[in-house]
Amino acid sequence: MLTPEENEALCRVGPGTPMGTLLRRYWVPAFQLADLPGPDCAPIKVTILGENFVAFRDTQGRIGFLDELCPHRGASLVLGRVEDCGIRCLYHGWKYAVDGTILETPNLTGSRFTERVKHGSYPVKESGGLGWVYLGPPDTAPPFPIFRWDGAPADEVAVSEMIMDCNWMQVLEGSIDSSHVGVLHLDTLAVMGAGPRNVGSFEFAGDPWDHDMPTPPRGDNPWPSHDNAPVIEVEDTPFGFHYAAVREAADGSGSKYVRITAFVMPYTAFVGGSNGAVIVVPRDDHTCSSFGIFMVPKGRGGSAAANRTGIDRSIWGPEPGNRRMRIPPQDREAMANGQSFAGFRGGNRVQDGAVQMSSGPLYDRAKEHLVPADLAIIRLRRVLADSIRLVDEGKPPLGLGVGYDFARVTAASATIDAETPWQDLVAGNLGTREGTARIST
Ligand code: FES
Ligand SMILES: [Fe+2]
């Protein structure tokens, strides 16, 4: 539980807020590169961290990321013309280069004004199908994190984006929350072949119900544990932390089923067993973009491919380009007759989105009751709060990973014998294993 003040500090992201100041110290994935497909294409409006920007690709293919409103008298540059290595405001024709240089001011001649004034512009990197920007003070920009997807061919990286109508922390906490997986996602586990399972005294038959849902590849035993109260162990790393959710294995051998998540500051989660990450970027205090970046077999990648897969059937509206998540009606009949646990068609992301948005636009954590299974969420809040304090003291925040090879970050899941340290499954992840206290509950 947090005080109302702590909750506000955690959730609000606008300029000058504690969290807003912290988040501006990292590279932010801001938009899909597919939305700027070629030189001089139409510009796009991007809202992140409570501010509005215009992104465009100039004649030479360079991306500009500028404050949205024209510094002359405030028209939106999203309406502008992109031409001849710049973007031109429609109102009086002022024109800007990708670095914010004012190239032309047709209604002002004979002035040296343009030599003194620049429009707000921010550095951009292209990686993993996304455009990443740095909005913080120029002298504190950290090295750009080169993750495993950097430089991969576009057709081997699947990029998706869901815009969700709730505060970003509700979605981010859900992405590092292992103990919900064997409960909320029972319908998904059923399709994957996990068989009958219990939630408390409720006995779920485990017959597949939503046959069309997108799922990870079906395994022999996709969830080899009946233990709904995982022990969470957390360990700090140069990029943030790992946590392992340790469950008793279903085979009764005394082995443990371990799912390891890598949390990369300040909003990225590599989730156990997957080969990519979810990145939760606040658009404003009540809306966020949940980006997914996953490595896929050759020819199966690209933004369009990911946005077209089964998940769009129920998540996105019919209008092209609408990425706002919509929760389908809950099938109460299927729930009542035991066919479905959660009653939502569309797979994990719909099930997750339904509960995350159900807490309202900005949940008041003064009302929660945390349990040991929430340990990773406690650690998440602590590394964020510690980083806010460090920045306030004029020091670098945690998890910048200076000198660390971010391509080594990965997640894992496996059944291992009781004596084997879970850290062995993510050897490439470890940076501070020596001397780092392990916390267990
Ligand atoms: S408002 Fe943009 S040129 Fe005047
Ligand atoms: Fe989930």
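Tell me the relative contact order for the chain as a rounded percent, counting alpha carbon contacts under 8 Å between residues six or more apart.
Answer for the chain is 20 percent.
As a test, work out the antiparallel percent of DSSP beta bridges whose residues both lie in the chain, rounded to the nearest 5.
Restricted to the chain, the bridges split so that about 95 percent are antiparallel.
With a probe of 1.4 Å, find how much accessible area the chain has per residue, and write the answer as a whole number in Å².
43 Å²
Grab the DSSP H runs of the chain that are 4 residues or longer, score each as -39,500 (n - 2.57), total them, divide by all residues and round the 222 nm result to the nearest 500 deg cm²/dmol.
-4500 deg cm²/dmol
Roughly how many percent of the accessible protein surface of the chain is carbon and sulfur, given a 1.4 Å probe and a whole-percent answer?
Numbers: 9870 of 18880 Å².
Result for the chain: 52 percent of the exposed heavy-atom area is carbon or sulfur.
Out of every Cα pair in the range 29-133, what percent are spaced more than 20 Å from each other?
Summing the P(r) of the range 29-133 above 20 Å gives 32 percent of all pairs.
In nm, to one decimal, how far is the residue 389 label point from the residue 295 one, both placed 7 Å along Cα→Cβ?
3.7 nm
Residues with amide H under 5 Å of residue 103's amide H, sequence separation 5 or more or different chain, H placed in the peptide plane at 1.01 Å from N; which?
When sequence neighbours closer than 5 places are left aside, the close amide H contacts are 95, 96, 97.
Grab the chain and count how many Lys pairs have their alpha-carbon atoms under 28 Å apart, sequence gap of 8 or more, or different chains.
Summing the qualifying lysine pairs gives 7.
Let me spell out the model: positive unit charges on the Cβ of Lys and Arg, negative unit charges on the Cβ of Asp and Glu, origin at the Cα centre of the chain. What dipole size does that give, in debye rounded to 20? Could you put the intermediate results ahead of the total?
Values: 41 positive and 53 negative charges, 200 e Å.
Value, rounded to 20: 960 debye.
Grab the Cα-Cα distance for residue 337 and residue 227, subtract it from 0.36 nm times how many residues apart they are, and report the gain in nm with one decimal.
37.2 nm
Would you work out which of 399, 154, 340 lies farthest towards the positive end of the dipole of the chain, given +1 charges on the beta-carbon of Lys and Arg and -1 on that of Asp and Glu, about the Cα centre?
Of the candidates, 154 comes out farthest on the positive side.
Please give the net charge around residue 241, taking every other residue with its beta carbon less than 10 angstrom from that of residue 241, where Lys and Arg add +1 and Asp and Glu add -1.
0
Say each of residue 1 and residue 253 gets a label point 7 Å from the Cα, pointing the same way as Cα to Cβ; how far apart are those two points in nm?
4.4 nm
So if I take the centroid of the Cα atoms in the range 342-405 and the same for the range 196-210, what is the distance between those two points in Å?
28 Å
Take each of the peptides 244-251, 179-186, 322-329, average the number of other beta-carbon atoms within 10 Å over its residues, and list them starting from the highest.
244-251, 179-186, 322-329
Under a crude label model (7 Å from the Cα following the beta-carbon direction), how far is residue 358 from residue 108 in nanometres?
Reported label-point gap for residue 358 and residue 108 is 5.5 nm.
Under the rule that a partner needs its Cβ under 4.7 Å from the first Cβ, which Cys of the chain have none?
Singleton cysteines: 11, 41, 85, 166, 288.
Under Stokes-Einstein, with the Kirkwood radius over Cα pairs standing in for Rh, what whole-number D in µm²/s applies to the chain at 20 °C and 1.002 mPa s?
D, rounded to a whole number, is 92 µm²/s.
The values are calculated or read from the model by the stated rules, or taken from the named source; none is laboratory data. The model shown is predicted, which means the values in this text are computed figures rather than measured ones. Please note: Cβ atoms are built from the backbone with ideal geometry, for glycine as well, and neighbour counts cover all protein chains shown. Each accessible area value is taken on the protein alone, full model and side chains, heavy atoms only, with ligands, DNA and RNA left out. Shrake-Rupley method; radii C 1.70, N 1.55, O 1.52, S 1.80 Å.
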